[in-house]
Amino acid sequence: MDKEVLPGAEAPVPRLMFIEAWRKQFPGLTAGFTSRSGGMGKEPYSSLNCALHVGENPDIVIANRELIARRLGYEPEAWTCGEQVHGSSIAAVKEEDRGRGFLDRESAFQDTDGLVTDVPGVLLTSFYADCVPLYFIDPVRRAVGLAHAGWKGTVAEIAAHMVVKMVEEYGSKREDLRAAIGPSIGRCCYEVDGAVMDKIMALESGMPGNEVWEGSVYTTLGGGKWMLDLKQCNRQIMMKAGILPTHIECTTLCTSCNNELFFSHRKEKGLTGRMASWIGLEKR
């Protein structure tokens, strides 16, 4: 049920999902993904829409962001994000960047789909309604990263660029890095045409070894159509970039199959809200 909060009324409780393995392994880290419920929005954004660009009242979006941040134990002003363009540009977030994009799109990191930081108290965030959220942590150097990967960002290998950025910015060693892949549209629901698959097959040809993606990453339907698994594409890219296979967590949740839990751009024909992914280091 949609829920608006009146003055003096009890605030809704956002439904959040966490990377459980990381919660146990890395004290002081928070990382996860929102659902579509437990917020303040009305249809078609019911109810925990986190993005300012979809047409919902900005005040409601900001209120939802505040609910999430406080639920995580962060000040709302910790919320930091980029203006996503389905590219591969990555920004390193400094202390003075904390809060960029929280209240408006103009102050966000422009043309940016990846963020990294080693600053405690910064909550890196990005937005989704079928694309793939990618999480990174270097537990040795206490640095984290977050990337948004649609099919364009995937074939641009933003996952590999994130690894390079963390190596350059923080001196990370590839064997120390951990990664996770969050909920997105799955191969069960993601039908693509030849224009997309030409890019995917070019990506496959550049992978080391003798990986056979047919059957594991995509299924051929015939008639110029394929079913594509973007999560597995990004997992292959992460491994190519030097992240150990045993250091990669990957969910099987499909945002389209689970439309009661998640917003889905494809399932809802574009008229919907956006979930948020987040990652942050708590202040000691």
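No lab work stands behind these numbers, since they all come straight from the coordinates. Computed from a predicted model, the values in this text were never measured in an experiment. Note that each Cβ is placed from the backbone with ideal geometry, even for glycine, and that neighbours are counted across all protein chains shown.
Restricting to DSSP H runs of at least four residues, report the calculated mean residue ellipticity at 222 nm for the chain, -39500 (n - 2.57) per run over all residues, nearest 500 deg cm²/dmol. Result for the chain, helices only: -6500 deg cm²/dmol.
Each of Ser277, Ser256, Ser47 was scored by other Cβ atoms within 10 Å of its Cβ. Arranged with the fewest first, they read Ser256, Ser47, Ser277.
Over 30 Å between Cα atoms, which of Lys165/Lys199; Lys152/Lys173; Lys42/Lys94 qualify? From Lys165/Lys199; Lys152/Lys173; Lys42/Lys94, over 30 Å: Lys42/Lys94. Residues Thr219, Thr246, arranged from fewest to most other Cβ atoms within 10 angstrom of their Cβ, appear as Thr246, Thr219.
Antiparallel beta bridges, as assigned by DSSP with both residues in the stretch 90-164, represent about 75 percent of the total such bridges. Here the stretch 1-152 has an Rg and Dmax of 15.1, 45 Å, counting Cα atoms alone.
State, as an integer percentage, the relative contact order of the chain based on alpha-carbon contacts under 8 Å between residues 6 or more apart. Don't skip to the end; give the middle numbers.
Numbers: 650 pairs, mean separation 63.7, N = 284.
Relative contact order, the chain: 22 percent.
Excluding same-chain neighbours fewer than eight residues apart, the lysines reachable from Lys24 by a Cα-Cα span under 21 Å are Lys283. Projecting label points 7 angstrom from Cα along Cα→Cβ for Glu106 and Ser216 puts them 4.9 nm apart.
Over the stretch 150-212, the pair-distance histogram of Cα-Cα distances with 10 Å bins from zero comes to 16, 40, 35, 9 percent, rounded to whole numbers. Each principal axis of the Cα cloud of the chain was evaluated for its coordinate range; sorted largest first, these ranges are 61, 45, 34 Å.
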